[in-house]
Each structure stands twice: as structure tokens, then as C-alpha cells.
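Notes for the one structure printed next.
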Amino acid sequence: MSHLDEVISRVDATIAESVITHMNELLIELSDDPDLSREDRYTQQQRLRTAIAHHGKQHKEEMEARHEHLTRGGTIL
């Protein structure tokens, strides 16, 4: 397995885990990876950035739905 394949597998696993802290840590780690080409590094980092952005959007939507559920009729249940 090539180094790029290993990195892709790690990125896949980290995204599937859906833990922002781990995604950010891998994002930083990839910045210092001398064995990746600039293009490959950018591609994998962009995948992580996209997953982080989607996670934040999903979390916001869940919080809004929760707030809507708790405040039906204008009062907190």
C-alpha cells in the first residue's frame, strides 16, 4: 500500500469517526507530511475541511430543531 493510499484510508476513517478534534489534528499532521505531493496533500486536507464544515452545519441544524421542539407554543417545556 502506498503512502497516499494509507493517508486516504486515515482520512476516510477520521471522517467516518466524525470527531472534529481528530479531523483538525489530521489536517495539521498532513500539513507537515513531506511524502505527499502538494496536490495530494491539498486534496486530502480539502476532504477534511469539507467534512468539518458539514459537521458544523449538521450540528447547527440539530440544535435548531431541538430548540424548536423545546419551545413549541413559545414556552420551554
Out of all the residues in the stretch 49-60, is one or more open to solvent by less than 60 Å² (accessible area, probe 1.4 Å) and within 21 Å of Met1 (Cα to Cα)?
-> no
Does the stretch 25-39 hold any residues that are open to solvent by 50 Å² or more (accessible area, probe 1.4 Å) and assigned to a helix (DSSP H, G or I), and which are they?
-> Glu25, Ile28, Glu29, Ser31, Arg38, Glu39
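The values are calculated or read from the model by the stated rules, or taken from the named source; none is laboratory data. A quick note: this is a predicted structure, and the numbers were derived from the prediction, not measured. Surface areas here come from the heavy atoms of the whole protein model, side chains and all, with no ligands, DNA or RNA. Shrake-Rupley method; radii C 1.70, N 1.55, O 1.52, S 1.80 Å.
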